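The values are calculated or read from the model by the stated rules, or taken from the named source; none is laboratory data. Note that this is a predicted model, so its numbers are computed, not measured. A quick note on method: Cβ atoms are made from the backbone with ideal geometry, for glycine too, and the neighbour counts reach across all protein chains shown.
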Amino acid sequence: MDEKGDVTIFTFDPSSDNEPKYKTYEVEWKGLTVLQVLKQIYENQDAKIAFRSGCDGVGPARCGACVVEVNNSPVLACQMPATKKMVIKPHRKFTIVKDLIVDFERERGADV
Amino acid sequence: MTFLERKTDVLVIGGGIAGIRAAIEASERGADVILTNKGAFCKDGAAAWMAGNGFQAALYPPDSVETHVMDTIKGGWYLNNQTLVKTFLALGPRTVADMNKWGVRLAKKDDRFYQLLFPGHSFPRSVSGKPGLFLGPEYRRILYKQIKKRNIQVKDDFFVTDLLECGNTVGGAVGLDLRTGTIEVFRAKSTVLATGGFMGCYNFTTANPTATGDGHAMAYRAGAKMMDMEFVQFIPAAHLWPPNARGDIYPYLLWINLRPHFYNSLGERFLERYYPEKKEWVTREAAARAIVSEVRAGRGSPHGGAYMSFRHLPVNLIDHFLAKAAGVHYFEKLRDAGLDIRRDAIEVAPAAHYVQGGCWINERCETSCKGLYALGEAGSGGKDGADRLAGNSITFCLAMGIVGGREAAQRAKELALPEINRTDVERLSRQIMSPLEAMKGKRPLQVKRKIREILSAHATLGRDGAGLMAALEQLKQIRENDVTAMATVAKHKSFNLDWLDALEARNMLDVAELVCASALLRTETRGLHERIDFPKTDPGWLKHIMLNKEGDEMKVSTEPVDFCIAQPAKEA
């Protein structure tokens with residue numbers, strides 16, 4: 001059995017939550033991308049989690065939909081190899097729509 | 001029930017390259033335009049954003065639009081709608097001029113656009129990016145600016161579920177604002193479908209899995225005539241495993257450049273068994289078919305493909321190739337996965353890449369429903385025929401954007417806003433809400449998975465009647481037992497991916513039935529449609545399979561090809 005990893009994810013629904021919560025999940029991570037780990041959580045552990053995905057990293061170019069912050073660095077989740085311990089947050093520059101999903105058209109204020 | 005309702009001249013559904021081009025054209029002609037997009041505008045999985053190479057246009061003699069048209073018809077096995085091919089490809093030079101004017105950095109040499117020769121084309125006619133520049137990100141950056149400049153309203157994260165029609169006239173659409181979970185109505189004089197393909201209905205695709213044929217399905221449900229749904233293009237080999245590069249098409253380039261060997265799970269070089277003389281030198285399409293056969297026979301690689309190996313090559317030869325390919329992202333991913341092609345095989349399989357089938361359209365991009373236009377993959381019209389020439393699809397998307405945008409704006413000038421049927425809106429909104437409100441039922445994700453399994457088992461390469469009949473029966477079971485009984489696990493309204501899955505599952509089911517029904521009916525092998533039980537090309541099948549919905553029934557018919565430009569040779 002592969003050793004499992006811990007992923008901590010920023011969750012926040014501005015329509016119902018007063019403040020963000022961090023949730024931690026035990027996941028398979030070896031050989032996977034961060035996006036594949038997020039999909040695994042959505043499929044098997046927490047149907048409520050929200051994140052963006054687009055091209056899934058196929059083809060020579062990148063669409064940019066899945067940008068998040070892993071351990072405080074902005075990355076494309078479809079490109080980033082998962083590691084054993086990760087904290088995943090929405091990109092700091094943009095307004096949060098839900099969890100890891102941001103509105104690319106609106107820059108974030110100082111609220112969250 | 002009341003719904004937030006907006007009115008516009010032209011509603012464009014889908015923010016890929018065709019939809020954007022149509023929005024620009026309609027706006028330039030004075031129409032009010034709203035463009036809705038299932039994801040974040042220009043940061044989503046629209047196929048064009050992932051393009052590396054350029055697109056085809058006949059620019060300089062001795063090349064001509066006529067030759068481009070002929071190449072396309074030959075490449076399409078004479079099944080193309082020749083009038084459409086000519087109408088759209090004649091706009092090829094204009095599509096290049098527009099993109100150049102807007103700032104896409106195309107390669108030039110001696111004041112001429114530099115063009116590359118692609119397979120199936122008589123002349124080098126693929127405009128390309130400056131060296132090392134992928135054009136996909138260029139399109140995304142430039143077209144985004146063009147939309148913003150024109151003050152076209154863009155509605156991000158909006159999932160259109162259904163078209164609104166009243167007496168065979170489409171008057172807009174209804175859908176779900178994914179951000180808020182509220183249902184909204186867009187009333188429009190002209191509605192333009194530019195929703196892309198349905199490659200996401202297959203397990204394995206080089207496209208984004210969000211291409212679930214939404215436009216195909218909503219047009220079909222609204223009564224539009226669909227056609228050529230049996231033709232789906234597969235890349236013969238894409239990366240299957242290790243998972244971090246899943247769907248990458250780079251193995252296909254490795255195949256072209258390095259002549260790999262293929263092994264099944266028994267360690268057998270199985271192509272020798274299928275093609276004793278040509279072995280690995282057989283066409284890539286034929287090799288892909290053998291991969292599928294091996295998987296079906298239970299001899300596939302662990303993840304459902306074949307092993308592509310380079311071990312037979314000298315290490316320094318591989319190293320020379322790798323040195324030339326320095327900086328290619330794919331090799332970084334292999335390295336991350338601990339894989340070295342000098343030593344290790346990679347698992348590959350054919351992957352869904354593009355769809356030829358979609359709405360019937362005429363040379364004004366009008367569908368069979370008044371007020372509804374369809375472009376790109378959603379608007380087939382039979383422009384691609386039975387196969388597609390490399391690099392034609394972006395040309396078609398841009399040209400159809402010009403035509404569809406122009407026609408949609410023209411209609412909006414001439415006509416009043418069509419009525420919509422309020423009872424219909426209420427019925428459709430109940431359908432949208434049903435999986436969220438249902439307390440017990442199938443998880444949408446499972447239903448999607450089932451549909452993908454069925455299409456992937458029976459409607460890829462090497463189809464046969466028995467398999468397609470079994471697929472239709474299984475899809476019928478899903479229609480009767482699963483799709484109406486879906487319930488999301490997550491019950492919140494804002495960005496509920498579970499809910500989105502449910503809406504996509506319904507579209508995928510419609511599309512899957514259209515594909516299997518058409519593939520079953522076409523009892524021949526032509527282009528991308530291969531029937532194991534009917535391996536020959538039959539001149540009697542130089543006709544299109546048309547499908548439309550009447551009541552709850554799928555009506556199937558055929559329409560002959562009009563050879564107004566070129567007659568097929570006798571053997572075609």
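Below is a table of values for the structure above.
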{"read-out": "Checklist (1) touching a helix residue (DSSP H, G or I) at 6+ places or on another chain (Cβ under 6 Å); (2) in a loop (DSSP other than H, G, I, E, B); (3) more than 8 Å from chain B (Cβ to nearest Cβ); (4) more than 30 Å from B:ALA51 (Cα to Cα) applied to A:TYR25, failing item", "value": "(2)"}
{"read-out": "Any hit, the stretch A:52-68, residues being assigned to a strand (DSSP E or B), touching a helix residue (DSSP H, G or I) at 6+ places or on another chain (Cβ under 6 Å), within 19 Å of B:GLU332 (Cβ to Cβ) and at the interface with chain B (Cβ under 8 Å from one of its Cβ atoms)", "value": "no"}
{"read-out": "Of all residues making up the stretch A:9-19, the number that are more than 11 Å from chain B (Cβ to nearest Cβ), over 12 Å from the mean Cα position of the chain (by Cα) and either polar (S, T, N, Q) or surrounded by 16 or more Cβ atoms within 10 Å (Cβ to Cβ) (or both)", "value": "1"}
{"read-out": "Residue within the stretch A:25-46 that is over 22 Å from B:ARG443 (Cβ atoms), exposed (fewer than 15 other Cβ atoms within 10 Å of the Cβ) and modelled with pLDDT of 95 or more present", "value": "no"}
{"read-out": "All positions within the stretch B:163-185 that are crowded, with 24+ Cβ neighbours inside 10 Å and not in a loop (DSSP other than H, G, I, E, B)", "value": "B:LEU163, B:LEU164, B:GLU165, B:VAL170, B:GLY171, B:GLY172, B:ALA173, B:VAL174, B:GLY175, B:LEU176"}
{"read-out": "Candidates B:ALA224, B:ALA217, B:ALA238, B:ALA245 - the one that is under 21 Å from B:GLY385 (Cβ atoms) and either in contact with a Gly (Cβ under 6 Å, 6 or more places away or on another chain) or surrounded by 24 or more Cβ atoms within 10 Å (Cβ to Cβ) (or both)", "value": "B:ALA224"}
{"read-out": "Options B:ILE420, B:ILE478, B:ILE432, B:ILE451; residue that is more than 28 Å from the chain's Cα centre (by Cα) and either away from chain A (no Cβ under 14 Å) or assigned to a helix (DSSP H, G or I) (or both)", "value": "B:ILE420"}
{"read-out": "Unmet criterion (only one of (1) in contact (Cβ under 8 Å) with a residue 40 or more places away in the chain; (2) small (Gly, Ala, Ser); (3) surrounded by 15 or more Cβ atoms within 10 Å (Cβ to Cβ); (4) not assigned by TED's automatic domain parsing to the domain that holds B:ALA58) for B:ALA490", "value": "(1)"}
{"read-out": "Residue check for A:VAL70: in contact with a strand residue (DSSP E or B) (Cβ under 6 Å, 6 or more places away or on another chain), surrounded by fewer than 22 Cβ atoms within 10 Å (Cβ to Cβ), of a type in the set (A, V, I, L, M, F, W, C) and modelled with pLDDT of 90 or more", "value": "yes"}
{"read-out": "Options B:LYS324, B:LYS333: the member that is more than 25 Å from the chain's Cα centre (by Cα), more than 30 Å from B:LYS383 (Cα to Cα), within 14 Å of another protein chain (Cβ to nearest Cβ) and of a type outside the set (Asp, Glu)", "value": "B:LYS333"}
{"read-out": "Answer from B:LEU528, B:LEU509 - the residue that is crowded, with 19+ Cβ neighbours inside 10 Å and within 17 Å of B:GLN233 (Cα to Cα)", "value": "B:LEU528"}
{"read-out": "Residue that is surrounded by the fewest Cβ atoms within 10 Å (Cβ to Cβ) [pool: residues in the stretch B:413-467 that are within 26 Å of B:GLU513 (Cα to Cα) and of a type in the set (Ser, Thr, Tyr)]", "value": "B:SER434"}
{"read-out": "Test: A:VAL87 is outside any loop (DSSP other than H, G, I, E, B), in contact (Cβ under 8 Å) with a residue 24 or more places away in the chain and within 10 Å of chain B (Cβ to nearest Cβ)", "value": "no"}
{"read-out": "Among residues of the stretch A:90-103, those that are surrounded by 20 or more Cβ atoms within 10 Å (Cβ to Cβ), within 10 Å of chain B (Cβ to nearest Cβ) and assigned to a strand (DSSP E or B), counted", "value": "4"}
{"read-out": "Selected residue (criterion: nearest to the chain's Cα centre (by Cα)) from residues of the stretch B:123-159 that are within 12 Å of chain A (Cβ to nearest Cβ) and at positive phi", "value": "B:ASP157"}
{"read-out": "Test: residue in the stretch B:529-550 that is part of a helix (DSSP H, G or I), of a type in the set (A, V, I, L, M), away from chain A (no Cβ under 14 Å) and in contact with a strand residue (DSSP E or B) (Cβ under 6 Å, 6 or more places away or on another chain)", "value": "no"}
{"read-out": "Hits in the stretch B:121-160 - residues which are assigned to a strand (DSSP E or B), over 23 Å from B:GLU28 (Cβ atoms) and either of a type in the set (A, V, I, L, M) or touching a Lys or Arg at 6+ places or on another chain (Cβ under 8 Å) (or both)", "value": "B:GLY129, B:PHE158, B:PHE159, B:VAL160"}
{"read-out": "In the stretch B:106-122, residue nearest to B:PRO137 (Cα to Cα) [restricted to those that are surrounded by 14 or more Cβ atoms within 10 Å (Cβ to Cβ) and under 26 Å from the mean Cα position of the chain (by Cα)]", "value": "B:LEU106"}
{"read-out": "Residue identified as within 14 Å of chain A (Cβ to nearest Cβ) and within 15 Å of B:GLY405 (Cα to Cα) among B:GLY54, B:GLY16", "value": "B:GLY16"}
{"read-out": "Residue, nearest to B:LEU176 (Cα to Cα), within the stretch B:16-72, restricted to residues that are β-branched (Val, Ile, Thr) and out of contact with any strand residue (DSSP E or B) (no Cβ under 7 Å at 6 or more places or on another chain)", "value": "B:ILE20"}
{"read-out": "Where a residue in the stretch B:205-231 is on the phi > 0 side of the Ramachandran plot and its partner, wherever it lies, is among the hydroxyl-bearing types (Ser, Thr, Tyr), with Cβ under 8 Å and at least six apart", "value": "B:GLY213/B:THR195; B:GLY223/B:SER368; B:ASP228/B:SER380; B:ASP228/B:SER518"}
{"read-out": "Residues of the stretch A:35-64 that turn out to be of a type in the set (A, V, I, L, M, F, W, C), within 26 Å of B:LEU253 (Cα to Cα) and touching a strand residue (DSSP E or B) at 6+ places or on another chain (Cβ under 9 Å), as a count", "value": "3"}
{"read-out": "For B:ASP44: the one exception among (1) out of contact with any His (no Cβ under 7 Å at 6 or more places or on another chain); (2) surrounded by fewer than 24 Cβ atoms within 10 Å (Cβ to Cβ)", "value": "(2)"}
